[in-house]
Each structure stands twice: as C-alpha cells, then as structure tokens.
Amino acid sequence: MKNTLIPIIGLEVHIELATKTKLFCTCSADHFSKKPNTQVCPICMGLPGALPYTNYEAVISTIKFGLAMGSTINLFSKFDRKHYFYPDLPKSYQISQYDLPFCVGGNFAGKRIRRVHLEEDTGKLVHETIDGVKSSLIDFNRSSVPLMEMVTEPDFHDIESIISFLKDVQLIVRYLGISNADMEKGSMRLEANISLANSEQVIANKLPNYRVELKNINSFKFLEKAASVEIKRQTEALEKGEELVQETRGYNEVKQSTFSQRSKADAHDYRYFPEADLPPIELSELIIKNLQLTIPELPEQKRVRFEKEYELSKDFANILVSDLDRANYFEEALRQAQSKFGQGATLSARTIADLMINRKLDQEFPEPAGLVKKIIELTSVAYSSNEEVENAVKSVLIENEKAVSDYQTGNGNVIGFLIGMTQKKLQGKGNPQIVREKLLEGIQK
Amino acid sequence: MDMAKLSKADVTHVARLAKLDLTDTEINKFLPQLSQILEHVGELGKVDTTDLTPTSQTAGLTNVLREDEVKPSSIDQNGALSGTNKTHNGYFKVDAILTERSDK
Amino acid sequence: MKIPLTIKETQDGLIKKEFSAVQLVDAYLERIKKYNEEYNIFLTTSDEIAYSKAKKFNDLDQYTEEFFKENPLAGVVVGYKDIFLTKGIRTTAGSKVLESYIPPYSATSVSRIENAGAIPIGKLNCDAWAHGSSGENSDFGPTKNPWNKEYVPGGSSSGSGAALAANMSLITTGTDTCGSIRLPANYCFSVAIKPTYGAVSRYGVIAMASSLDTVGPIGRTVEDVETVFNVIKGEDGYDGTVVNSKFEIRNSKLRVGIPKEFFTEGIDPEVEKTITLGIEVLKKEGIEFKEVALPSTKYAIDVYYVIQPAEVSSNLGRFDGIRYGNGRDSFGDEAKRRIMLGTYVLSAGYYDAYYLKAMKVRSKIISEVDKVFDEVDALIAPVAPTPPFKLGDKVSDPLTMYLTDVYAATANLCGIPSLALPSGFSKQGLPLGFQLMGSRFSEPALFELGKLYHKAIDYVPKVAF
C-alpha cells in the first residue's frame, strides 16, 4: 500500500500598509518609482542619534486587520529589535515585534492564523555592474515603510486553496482601506513553508520534522510554478527514501526547479530584545470594541447581503464583491435609478448587475449616472415626465391641425397617428396611457 | 545557574555575529578580559528574581503615537548621501552582495 | 580680558558693555589655542560660527532684560561633547570610525541651546562612544585634568568637565549613562545634572545604551546648570520617551537619605569626609538626614554591565561604513569589548541567564529605591570611590575601570536625576564633591538643595588656571 504524501504548507504574508507616512518617521511612505534616497530622513536612514516614533495609523490598521482575521488583540504589546547585518537594513536591526505582537491567533477562510504583527520594511537593493565592477546599489526610500506580517498555521494542503486564501486576504485589506496588497508592486509578499506528511503523520496530527522555506514569491503564477515544482521534488525524494532537511530554497524560472540557498545556523540568532526607544502599547477592551465598530462591511457580509437584498445570483454577487469599487458603483447606480424612477429594486438591481458584468458597461460609463441613462435607453422602462408629454402634445396638435379636425369629426383612428407623432417627439419614451390622456385633453380644448 | 566558561570558539562566534573582523591575537587578548567581566556579572545568577517582571524602560509611558501626516525631511538627497563618497546616481554603492539576506 | 565665570556675570557684562560677545569669543579661542594641545580638551573648534553668532550680539543696540528673558543663553559660550550631532560641524564620538563625519542635522538639545542665544565654540573630546570613566578611551588621545595634568578629568564627558576647569567654555553638554556627566563634573570641580530619564530629548545624540542614556549640562554654578536644563528639557516630537513633566518639589521641608550601601569599604577617606562635612552643613540649614538601606544596589554595577553592553552592541550596529564613517575595523578595543559582551549576553542560550536576569534585578533595585523615596526626598552619595586618579592607573584592566562606576549606576538604572556638586579639594589639590539623587522629575528639589549647600559654604566658582 503506497503511503500518500500530503502537502503541509504554512504561509508568511507581508502586506505593506498604505499609510501616508512611514512607520517610525514622517517621511512619505509612497516610495514606488521615486528617485532613490529622496524620501529619507535621519530616522529611516539610521543616522547616528536618530530615534523612532510610532505611526498611530499603522497600529490601528494592524489591529483592524487582526480583528478581520478573527485574532485576539493583545491588551499589552511592544516592539522589539531584531538584529542582523545586511546593507539595506540601516540600523542593522529591524524594529519588529517578537513575543507580544498586536494580534494572536485567528481564523479566516477556514484557515488558522498564528499571529499578525507590525514591523518596518528595509531599503531596496539593486544589482548593477559599474565600470566593470559588480556592485549593489542601495535605496532607502522604502526603509521603515510599515509592514504587517501574518503567519498562518500549516493548514494548507494544495496550491489552489493558498491562492484563493490570498485573494480573500487581498480583498479584506482593500475593503479595510489599509493597503492595496498588489503582488506586482510588492505591497503583498509571500513566503511558503512546504513539507510533506504521510497519512500516518496526518492521522496522528504530527508535523513533518523538516520544512522548506520558499522565499521571494512575487506573483500568483510564480507561486503556482514554484510550489508545484517543490512539492514534486519533495515527493520524489521521500518516495526514494531520502531524508529532507530544514532549508531555504529559491525558484529558478529558467531551469524550472528550486535550488538551495545557503543559510548558516547562526544567521538566525536575531538577539531580540525590547525596543527601549518606543514605549509599549496598552489597549483596553473598550478601545478594541470601538475599533471593531469602525470596520466597514467586509466581503463575506456584502456577498450575503447582495444575494439576499438584491436577489443576485451567487456568481453575480461574487464578481461585484471582488472589486470594492464595482460593488460601490453598483449600489450607487441602483440608488440613482431608484430615486429617479421609483421602479422595483429587484428588477433594476439584476438589470444593472447584468449590464455591468456581461456588457461591462461600468467600464464604458465611469460614472454611475451614465449607466443609469443607458439603462433607460435599453429597457425603456423610464418614461418621459408629464411636462415633456404635454409639450410634445402641444407641438403635435399645432403641427397636425388636419388630423385633429379629422378626429373631432369622428375619425377615431387618427388618434393612433397622433400618438405615434407624439412618441416620435418623445423618442418613444412616452408612457402610452399618459400620452393618450394628454392628447385627448389637448384635442378637447 | 551554571555559567559555562567562555571559550575561544565563543569569542569567535560572537565576533562574527557582531560583524567584527578579529585577528587571532585580538581574540586571545579579549578572551581573558571578557571572561573576567562575565564572571563578575555572572554573580547576578545568585539573586532571587522569582515573581519579578523585567524592566526594559523607566520612562513609564505607553501609547506614544504620532499622527500620520507627512512632514518635510531635514535632509534631501544630497544630505542623505553626504556621509560617504561611495555613491552612484543617487544610490549608496557597495560591492556586490552575493548572499541572500538571512531574513526578509 | 578676564573671562566671566557664570552666565549672570557674562550677561551683566554684555548689558553694561564691559565687553562684547566677539571679545568673549576672542578670549576663549585664545585660551583654547594656547592650552588645548597640552590638555587635549577640544577636538574641533567652530571659530567661524562662533564669530558670526557673536557678531549678532554686537549689532543689538541695547541688551534689554526682556531680551535675555527670551534668549536665556544669549552670549553664553557653549562646548558640546562630541557625541552631540552638530549640523555641518564634524562629530566624531571620540572614535576613528567617525573621524571625518559631518552630520546633516543637529541634536534637539543643540538646536534649543543655540536658539536660546548660545555661541557654539566647539566639540569636546570624550571616551570613544562614551565608553569610559576617565577619558582614556578616546581614539584621539586622553584629555588631561586641568587641575593636575597627570590626572584624569573623569569620563566619558572628559572634555566637557575639563573645558570648564580650563576656562575654555562657560557651559558644556555631556551625557550620563553611568556617571559620565557626574564624574567629570566631580573630577573637574563643576556642577552637573544627570536629568530624569525622559526629561531631555536624546534625539541627535549618538546612542550608547537606549534605556540608560541621559543628556545634561555642566556649568560652574547650580543656577547655570538649572538655566541650561530648563532650555533643553521637554518634548520635541522625536524622542518618544520624553514627557513634559510637572517638575515639582513635593515637600517644603526636604529630607535626605544616606544610603549605607554607598559608604562601604573601598571608599576613599577624603571622599567620605567631604560628604560627612556636607551633611553637617546641610543639617545646620535645617535639612533632615536619615540612614536608609538599599541592599540591592550592590548589584547595580553588574546589572549595568549586562544591560549597557547589550544595548551598546545594538546601537553600534549601524556603523557599517556604508552610509557614513569608516568600517567596523576602526572601532577601538573598548568598543569591541563592549560590542562582544553585549552580543554574547543577548545571544541564543544566554539571553535568559544574563539579559533577562539583569532586567529583573533592575526591577528589584527600582522598587527598593522607589520605596525609599517615600521616606526621603533625596539621597546623598559619593560620585566615585576615589578622587581623580592618575592617567594610566586603571587602563590595563577593564574591570577595575568599570568599578569606578559603582556609585553612579543606580541613578541610571532607575531613571532618576542626580546633581553632582563640587565641595572642595583633596590634600593633593584635586577636586572633591558628591551627588544628590532624587525621585523622577525632582530636579527642582535637587537644585534647591544644591543652592542651599553652596550658599552655606560660600561657594565660589573656580577654574584651574
């Protein structure tokens, strides 16, 4: 009997917060594509004598995210120094959180969260050959930008569930308005810890005795390729009876294989100790409750509501909810349609959704008002106002005196002709009943 | 608490962690000095600290947080680069870094 | 001209036009040029800036009292310990690592002192990275004590104490992580305050030990030190550990404790005697004294020599030669020792036994001291076990040098203020004094006691030559 091997995967997700300023200084945090070392100050450059000062917004964002992940918020938390030498780490320590992070535990999309903490980002390294010499260039614009780090339990057993989970996390932070979590722009970064367990271990709830860390995953495609290649490698090795070790591996896109990256044992002695320059954070149940209240409607709640309130199909609801801007557009368009014409919400809702999803009309009309107008055209459910009808009738009666007198002398069928002329003036938007009424009124006068 | 005696390997290890390039002579010079100091401070092992919480800060403050408002920096790109002439097109320049960071 | 020895004399002289600010700068620079090579007090002088600042005072038609109220340090020549960053002026930290470093920004305390009208005359020699108690760890040679150049001026703010004794500055700044302001003041016959941790911003001062460092002034009178302290204290939006506290005197009748653990064997008889005399003087002035016990302070020096190197090893990590300064090979022996010691006590397997343990014993010391401040308002103690010692006496053995700090450590571990007061001279003509420690933010009480004491002994500021 072959022992089936099951992937045991845990994730470390870094999300760059979209605060205005960096985590420990008041430099702008909007560093993408800026000229190097132009958004820096003594603090984020680690100049002698500089001291950190914590960004309130970054702390609040992290706590809100933790709440959305179902975590417990620590009433007492602090920052710690994490030491290692690397050219893009200006102080040679990173201010992070060690044993008392803001958020502990949690559960999201059926996966357990271990912790969420806040730390500062490093600078950026670029490799270039200058005058024939291989060099590394350092830019500190990104140094000290706030990063949330979320660690999950090894609850993932296949790649699809990882991707779906990450997409859900992306959506949450966008809904919370705390980050864009763009993998391409680097505002969401991923590391996966991959190992394989046999069915015996799984039944006994035992974790494998090794873990391979896959780093620098910068897109979902990369994740798919690298992770499947690594799972295959581990499977083959274990089936051959080889032992696997704790290590870090990178993915070579050209060779389509993973390779070991040397990591010495002592490289991980971070010598954590409490950051004395930053007083700790003390929260109360009341503060946390109040923060919970500020959390807007989250994707899952919106999905449920869209299905119920607007009687949208699951698919339609999903598509709209997966883009907060579209979901908002949808509801705004509906609001406008209802206020103008007072039609039954149900009908309009489904129509609007359909037009957005199948005809992509929200792309054609960036403003909801435009879409509403188009709906009128297409569904002709919106009639001309009474005033418009009266004006049209007036003109038609003046212009068609012969027809009027024909009607008055007993030719009843002429009314059809007059209705037609009126509708023409109204571009077909006249409510038939009202047009007929107004015409008869007008003729009688 | 039994403090292991400081060895040459310990000193070498610690020097590497601290990115200090020591010669053999230096290691031999520092070893007895560090041992002596560690022995002296090791006396703390005898103090009863049950039920005591550690103090890492005497300011006694909590929740010192600032608003998320951008303020002009006290240094521009020139100021930032002014500490060294190992720069290139606005970047700091070092010999190629071949090793991966030990952490993200 | 005869250089005035206090802020009041200086400003009175300027008001009465007995001399001009430019003439003051002339006089100080002349003394520096004449004696600095011998005593090695200043590492850098800022002549141009001093003159340009001084000239601003020449141009004021009348120095009114109102003007001095708004510019309390107008006309006051100041020297900064070379770990205070001064924009555009070389700042070395006493180390070869930064021998050519020109900072792009200034420390908060520097800006405040200069905004109050002070005239910066230069940067003062110190033990490299503030690591030391004698000035002998400076990479640029030791500073000599102006009272007797065979003796140390005390450290680590060695130049800051010596500059006052050599009449090369009116006030100076220093830092105190374990006596580094108090000891030079004590060894050079000056007054200094090691403030409450959290009273004065550390922004722009090269960090030694983040939970212990304090920034303070040295001067020749308690009034002068108090004036500068009031200029530099308070929040600045950069140092998150500083609060604008309500400094107050809790009791109208001040009581002083004599901690018996600070008067054990090892204390020099002349040092002990000067304190005993001081106690008598203050008793006559109506101050109550009582013996108190602080048994855990005997561990203070060990706790300090675990916590401080740990924080030092962390704070010196940024000196990697990439963005500024020379590489890590330029660190001197003492710096390397402390970095290694600190790295060791923080490293995997040793953190609990050393660093965590030290932090717990620190709590023990703090709670003992807090309790004692329920019974008394201040504590009187020696600053160091002996009067100034000779250059070279303690350099061969780091541990012996560390033990100089045995009476200083408690104030830093507890984050409490301490006022160093000069009291007299030893038989050999070397300065003697003592310290008065108080509870957090009790600086006003300490200043009151200091003024009371100096009045009672008819204290007169002195310079060595």
Tell me which of these A:Ile138 doesn't satisfy, since it passes every other one: (1) away from every other protein chain (no Cβ under 14 Å); (2) touching a strand residue (DSSP E or B) at 6+ places or on another chain (Cβ under 8 Å); (3) aliphatic (A, V, I, L, M).
(1)
Can you pull out the helices (runs of 4 or more DSSP H) entirely within the stretch C:1-93 that have at least 3 residues that are among the acidic types (Asp, Glu) and farther than 28 Å from C:Gly325 by Cα?
C:65-70
Of these, A:Ala237, A:Ala226, A:Ala276, which one is crowded, with 18+ Cβ neighbours inside 10 Å and more than 30 Å from A:Tyr53 (Cβ to Cβ)?
A:Ala226
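Provide a single number: the residues in the stretch A:37-94 that are of a type in the set (Lys, Arg) and either free of Cβ contacts under 8 Å to residues at least 40 places away in the same chain or more than 7 Å from every other protein chain (Cβ to nearest Cβ) (or both).
Summing the residues that are of a type in the set (Lys, Arg) and either free of Cβ contacts under 8 Å to residues at least 40 places away in the same chain or more than 7 Å from every other protein chain (Cβ to nearest Cβ) (or both) in the stretch A:37-94 gives 3.
One residue is enough: does the stretch B:81-103 have a residue meeting the conditions assigned to a loop (DSSP other than H, G, I, E, B), within 29 Å of C:Thr196 (Cα to Cα) and either among the basic types (Lys, Arg) or without any contact (Cβ under 8 Å) to a residue 60 or more places away in the chain (or both)?
No, the stretch B:81-103 has no match at all.
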I need every pair where a residue in the stretch C:320-342 that is more than 7 Å from chain B (Cβ to nearest Cβ) has its Cβ under 6 Å from the Cβ of a residue that is outside any loop (DSSP other than H, G, I, E, B) and not hydrophobic (A, V, I, L, M, F, W, C), sequence separation at least 6 or different chains.
C:Ser330/C:Lys96; C:Arg338/C:Pro309; C:Gly342/C:Pro309; C:Gly342/C:Ser313
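Give the number of residues within the stretch C:228-257 that are more than 15 Å from the chain's Cα centre (by Cα) and either outside any loop (DSSP other than H, G, I, E, B) or free of Cβ contacts under 8 Å to residues at least 60 places away in the same chain (or both).
Final tally of qualifying residues: 15.
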Which members of the stretch B:11-26 meet the condition of being in contact with a helix residue (DSSP H, G or I) (Cβ under 8 Å, 6 or more places away or on another chain), in a helix (DSSP H, G or I) and not acidic (Asp, Glu)?
B:Val11, B:Thr12, B:His13, B:Val14, B:Ala15, B:Arg16, B:Leu17
Criterion violated by C:Thr214 - all others in (1) polar (S, T, N, Q); (2) at the interface with chain A (Cβ under 10 Å from one of its Cβ atoms); (3) within 13 Å of the chain's Cα centre (by Cα) satisfied
(2)
Within the stretch B:47-104, the count of residues that are more than 9 Å from chain C (Cβ to nearest Cβ), on the phi > 0 side of the Ramachandran plot and either surrounded by 15 or more Cβ atoms within 10 Å (Cβ to Cβ) or within 25 Å of the chain's Cα centre (by Cα) (or both) comes to 1
Residue list for the stretch A:95-127, restricted to those being within 14 Å of another protein chain (Cβ to nearest Cβ), under 27 Å from the mean Cα position of the chain (by Cα) and in a strand (DSSP E or B)
A:Ile95, A:Ser96, A:His117, A:Leu118, A:Glu119, A:Glu120, A:Lys124
Residues located in the stretch C:193-226, provided they are closer than 29 Å to A:Glu275 by Cβ, aliphatic (A, V, I, L, M) and outside any loop (DSSP other than H, G, I, E, B):
C:Ile193, C:Val200, C:Val205, C:Val215
Which of the residues belonging to the stretch C:277-297 are surrounded by 15 or more Cβ atoms within 10 Å (Cβ to Cβ) and not aliphatic (A, V, I, L, M)?
C:Gly278, C:Phe289, C:Ser296, C:Thr297
If we only count helices (runs of 4 or more DSSP H) wholly inside the stretch A:159-271, which ones have 2 or more residues that are of a type in the set (Phe, Trp, Tyr), away from chain B (no Cβ under 14 Å) and within 27 Å of A:Ala327 (Cβ to Cβ)?
A:159-176
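Each value in this text was obtained by applying a stated rule to the coordinates, not by laboratory testing. As the structure is a prediction and not an experimental result, all values here were calculated from the model. Cβ coordinates were reconstructed from backbone atoms using ideal geometry, including for glycine residues, and neighbour counts include every protein chain displayed.
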